[in-house]
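Colleague: One structure is given below, represented as structure tokens, and several questions about it will come after.
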Amino acid sequence: MIYFDNSATTAIYPLALDTYVKTSQRIMGNPSSLHDLGTQANRLLQQARKQIAELLYVQTNEIFFTSGGTEGDNWVIKGTAIAKREFGNHIIISSVEHPTVSRTAEQLQALGYEVSIAPVDKQGFVEVDKLAELIRPETILVSVMGVNNEIGAIQPIAAISEVLENYPTIHFHVDAVQAIGKVDQAQWLTPRVDFATFSAHKFHGPRGVGFIYWKTGRKLAPLLNGGGQEFGQRATTENLPAIVAMSRALRIHLEKKSERPNHTGIIRQYLKEALLSYDKVTVFSGDENFAPHILTFGIKGVRGEVLVHALEEKQIFVSTTSACSSRKKVNSSTLHAMRVPNELATTAVRVSLDEANTMAEAEQFMVIIHHLYDKFSKIN
């Protein structure tokens, strides 16, 4: 099996799984309980929070645990809308955001908030000058992803940060789900970023757990009310085994990144050059300012889902751009925003790499692609 769908989800690290199992077995207390078992559980919870904060070079009290990227994005966007309603009702997102962000913005729009969409250029990068033109006195939030999940474009967070330096009351949120451990932190967590969202299963942690970075001093209303966990900001009993496993997975993931910083980039470059040798192949992912783990391409005349299933028959697993949309056969919102013609956009498939992938896998992938290319060419 060759697994090239790491942007959809990653296999949990064995050591992180071991941590999950041992924590489940040995730490039975509720972190909110007053007795010794609760104290023990709470101590472990805070240790996990501290480790994640240290890995990101932020303060411990700026890390809040969630159930994953979807909840994190919803919390930041809706929490801002509620907390800052008296100051304004205008939100700006980009045209290439993950559905978690775009659909949350649509829901707020139905409730009376105003949403503006910042366009991207033909490579998929947010046009910063046009985003700046959308800012109004009533703007309360700008939300732009760090790395696009469909084509891998690293968004100009630093340039947007410079614009927002002139608007200190506007919240700046970055969906960093595809960025952490893949792209240098300085590119997506600038001092101007107020909130960032993360999901454990994107960096070999367990599913159903994540966290947000919440800069000290910023206002955010709770999304979940109840028992007062997470400093009173997110009610629900913490998923302690998953949180502890997530902190270990993040540490391992960042260590592996530092050990082999160019590993996925080398494989990606090989694949890109090999694919471009075929006349009917279109590569949608660029080179400069693109993440090293995502490569999106298509074969003209072959729908993306057809190629996905043809590769699956050979035990090679990729996806059609966004895993969250592929099963529903929703066309790529990113390629549409890039003004890619529909007949090309519908051919797109995404290869997403990880440190466990090898050059031998990439070479075998190209052997299969060559076979399928010839087969589809004869059919067409």
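Colleague: With the requirement that a residue be open to solvent by 40 Å² or more (accessible area, probe 1.4 Å), touching a residue at least 24 places away in the same chain (Cβ under 8 Å) and among the β-branched types (V, I, T), what does the stretch 354-369 give you?
Modeller: Residue satisfying the conditions is T358 alone.
Colleague: From the list D73, D36, exactly one residue is exposed (fewer than 14 other Cβ atoms within 10 Å of the Cβ), among the acidic types (D, E) and at negative phi. Which is it?
Modeller: Criteria check complete, one pass: D36.
Colleague: I've got another one for you. Let me spell it out: the conditions are (1) in a helix (DSSP H, G or I); (2) farther than 28 Å from N148 by Cα; (3) of a type in the set (S, T, Y), and T80 meets all of them except one. Which number is the exception?
Modeller: Every listed condition holds for T80 apart from (2).
Colleague: Yes or no: V174 touching a residue at least 40 places away in the same chain (Cβ under 8 Å), buried (at least 21 other Cβ atoms within 10 Å of the Cβ) and either on the phi > 0 side of the Ramachandran plot or of a type outside the set (S, T, Y) (or both)?
Modeller: no
Colleague: Spot the failing condition for V120; the list is (1) closer than 30 Å to M246 by Cα; (2) open to solvent by less than 30 Å² (accessible area, probe 1.4 Å); (3) touching a residue at least 40 places away in the same chain (Cβ under 8 Å), and only one is missed.
Modeller: Going through (1) closer than 30 Å to M246 by Cα; (2) open to solvent by less than 30 Å² (accessible area, probe 1.4 Å); (3) touching a residue at least 40 places away in the same chain (Cβ under 8 Å) one by one, V120 breaks only (1).
Colleague: Inside the stretch 1-43, can you point out the residues that are in a helix (DSSP H, G or I), closer than 16 Å to R251 by Cα and of a type in the set (A, V, I, L, M)?
Modeller: The answer is L15, A16, L17.
Colleague: State whether one or more residues within the stretch 64-72 are out of contact with any helix residue (DSSP H, G or I) (no Cβ under 8 Å at 6 or more places or on another chain), farther than 30 Å from M366 by Cα, among the small types (G, A, S) and not in a helix (DSSP H, G or I).
Modeller: Scanning the stretch 64-72 turns up at least one residue that is out of contact with any helix residue (DSSP H, G or I) (no Cβ under 8 Å at 6 or more places or on another chain), farther than 30 Å from M366 by Cα, among the small types (G, A, S) and not in a helix (DSSP H, G or I).
Colleague: If you don't mind, another one. Of the residues G88, G79, which is open to solvent by less than 60 Å² (accessible area, probe 1.4 Å) and without any contact (Cβ under 8 Å) to a residue 60 or more places away in the chain?
Modeller: Selected residue: G88, the only one of G88, G79 that is open to solvent by less than 60 Å² (accessible area, probe 1.4 Å) and without any contact (Cβ under 8 Å) to a residue 60 or more places away in the chain.
Colleague: Also, quick follow-up: Listed residues R260, R248; which is under 22 Å from the mean Cα position of the chain (by Cα), surrounded by 14 or more Cβ atoms within 10 Å (Cβ to Cβ), touching a residue at least 40 places away in the same chain (Cβ under 8 Å) and more than 17 Å from G146 (Cβ to Cβ)?
Modeller: R248
Colleague: Something else now. Which residue is nearest to A8 (Cα to Cα), if the candidates are limited to the stretch 307-329 and must be open to solvent by 70 Å² or more (accessible area, probe 1.4 Å), part of a loop (DSSP other than H, G, I, E, B) and at pLDDT below 95?
Modeller: Among those residues, the one meeting the criterion is R327.
Colleague: Any residue at all in the stretch 336-353 that's under 28 Å from E259 (Cβ atoms), open to solvent by 10 Å² or more (accessible area, probe 1.4 Å), modelled with pLDDT of 95 or more and in a loop (DSSP other than H, G, I, E, B)?
Modeller: No, every residue in the stretch 336-353 fails to be under 28 Å from E259 (Cβ atoms), open to solvent by 10 Å² or more (accessible area, probe 1.4 Å), modelled with pLDDT of 95 or more and in a loop (DSSP other than H, G, I, E, B).
Colleague: Turning to a different aspect of this structure: Testing D184 on (1) within 28 Å of D5 (Cα to Cα); (2) in contact (Cβ under 8 Å) with a residue 12 or more places away in the chain, one condition comes back false. Which one is that?
Modeller: (2)
The values are calculated or read from the model by the stated rules, or taken from the named source; none is laboratory data. Small disclaimer: the values here were computed from a predicted structure and weren't measured. Methodologically, a virtual Cβ is constructed for each residue, glycine included, from the backbone with ideal geometry; neighbour enumeration extends over all protein chains shown. In case anyone asks, the SASA skips ligands and DNA or RNA and just uses the protein heavy atoms, side chains included. Shrake-Rupley method; radii C 1.70, N 1.55, O 1.52, S 1.80 Å.
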